[in-house]
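See below for the structure under consideration.
Nothing in this text is a laboratory measurement; each read-out follows from the coordinates by a stated rule. Predicted model only: the values in this text are computed from it and were never measured. Quick reminder, even Gly has a Cβ in these numbers, built from the backbone with ideal geometry, and neighbours come from all protein chains shown.
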Amino acid sequence: MNMPTRKLGPFDVSAIGLGCMNLSHAYGAPVSAEQGERVLLAALDAGVTLFDTATLYGFGANETLVGKVMKPHRHKFTLASKCGMQGVDVAGDGKLVRVIDGRPATIKQTCEDSLRRLQTDVIDLYYLHRWDKSVPIEDSVGALADMVKKGHVRSIGLSEVSANTLRKAHAVHPIAAVQTEYSLWTRNPEIAVLQACKELGAAFVAFSPVARGFLCGKPIDVNALDAKDIRRAMPRFSVENFEANQKLLPAYHALAQEAACSPSQLALSWLLHKAPHIIPIPGTTSISHLLDDLGAVDVSLSPGLMAQLDKLINQHTVQGARYNPQGTSEVDTEVF
């Protein structure tokens with residue numbers, strides 16, 4: 001596998017990065033530290049040079065893992081993390097709950113905490129994980145710009161924002177990347193933000209590029225998901241909607257066979273073919289799945305097959321919203 005690169009702000013990074021969240025957060029119990037280390041180092045050995053974490057993931061545990069494992073290799077990769085959404089002991093009972101807080105003082109403190117956990121002097125790309133709608137985007141980005149001036153951060157990113165918010169932020173400080181969910185079954189970025197990124201010279205980093213496992217080829221039993229699996233609260237994974245969505249998979253798997261690749265590779269290759277400024281960051285806890293994902297860089301899709309994929313799985317053929325009402329209220333993306 002010859003890993004190509006793509007531009008992300010001042011960096012040249014692997015065309016496929018690694019989303020580290022799964023190792024500590026979101027899809028049930030975290031993996032052991034030993035397995036997390038194996039996955040991270042396998043990604044590095046396979047040519048991945050973009051590693052993506054966040055303060056939120058495992059309420060700091062993911063940054064701690066990435067920092068410990070990757071410190072000896074810090075010069076070999078681009079490190080991305082996020083602020084503006086973290087675990088807070090709101091009730092004073094020691095139980096952390098997820099809080100969105102984009103106030104400048106909070107951002108600066110979170111950055112200092114992240115640097116310590118990541119065991120590094122500087123974070124290459126620091127995202128605002130969610131825009132705190134009670135704080136002007138200009139104020140939050142201004143705080144991030146201060147972090148750049150201090151040398152704690154090299155470039156700034158935003159997550160789950162609209163094209164309008166991106167432009168407001170970019171007027172304060174250049175935005176190197178926007179990270180939002182994008183896959184065959186989540187097309188919201190196609191409305192406006194993909195084009196805005198292209199115009200502004202920002203990379204678009206696609207998270208959940210294999211549709212939270214839906215496009216991986218391995219059957220998902222929604223009734224058997226872990227109690228803490230975030231998909232339990234996602235309308236697309238409700239029993240009724242998921243049953244309908246599964247009907248799309250036989251034709252999808254047939255297209256993967258036609259392309260001589262795995263279902264995961266097909267989903268990732270579709271993104272890579274969409275535009276040169278798109279960088280998918282699949283996450284996994286399995287080295288075999290990781291290596292399969294990375295093989296997508298060697299898959300070539302014809303315009304005809306791309307068109308078939310677009311027609312088969314899109315915002316009109318998928319049932320269920322991306323997030324529940326609470327989750328939807330927390331993002332700033334355009335909606336079809």
*Set the Förster distance to 25 Å, then compute FRET efficiency between Val88 and Val122 from the Cβ-Cβ distance, nearest 0.05.*
0.45
*What order do you get for Phe237, Phe336, Phe59 when you list them from fewest to most C-beta neighbours inside 10 Å?*
Phe336, Phe59, Phe237
*To one decimal place, what Kirkwood hydrodynamic radius in Å is obtained for the stretch 174-301 from all pairs of distinct Cα atoms?*
15.5 Å
*When only Cα pairs under 8 Å and 6 or more residues apart are kept, what is the percent relative contact order across the stretch 93-165?*
38 percent
*Using the C-alpha gyration tensor of the stretch 140-222, what are the square roots of 5 times its eigenvalues, in whole angstrom, with the largest one first?*
29, 15, 9
*Kindly provide the helix-only [θ] at 222 nm of the chain, computed as the sum of -39,500 (n - 2.57) over DSSP H runs of four or more divided by all residues, to the nearest 500 deg cm²/dmol?*
-11000 deg cm²/dmol
*Hey, got the dipole for the chain? About the Cα centre, +1 on K and R Cβ, -1 on D and E Cβ, debye to the nearest 20?*
340 debye
*Mind checking which lysines have their C-alpha under 30 Å from Lys7, skipping anything on the same chain fewer than 8 residues away?*
Lys68, Lys71, Lys76, Lys82, Lys108, Lys133, Lys149, Lys150, Lys168, Lys198, Lys274, Lys311
*Compute the separation of the alpha-carbon centres of the stretch 179-248 and the stretch 262-322 and state it in Å as a whole number.*
11 Å
*Added length on full extension, which subtracts the Cα-Cα distance from 0.36 nm per residue, Ala254 to Asp113*: 46.0 nm
*Multiply the residue gap between Ser32 and Lys168 by 0.36 nm, knock off their C-alpha separation, and tell me the result in nm, one decimal place.*
44.8 nm
_If you build the convex hull over the alpha carbons only and average its shadow over all orientations, what do you get for the stretch 253-298? Give it in nm² to one decimal._
3.2 nm²
*For the chain: relative contact order, % (alpha-carbon pairs under 8 angstrom, 6 or more apart)*: 20 percent
*Would you kindly state how much longer the chain becomes between Gln326 and Ser288 on full extension, computed as 0.36 nm times their sequence separation minus their alpha carbon distance, in nm to one decimal?*
10.2 nm
_Computed FRET value (nearest 0.05) for Lys76 with Ala224, which takes r as the C-beta separation and R₀ as 56 Å_ = 0.90
*Can you give the percent of C-alpha pairs in the chain whose distance is more than 34 Å?*
18 percent
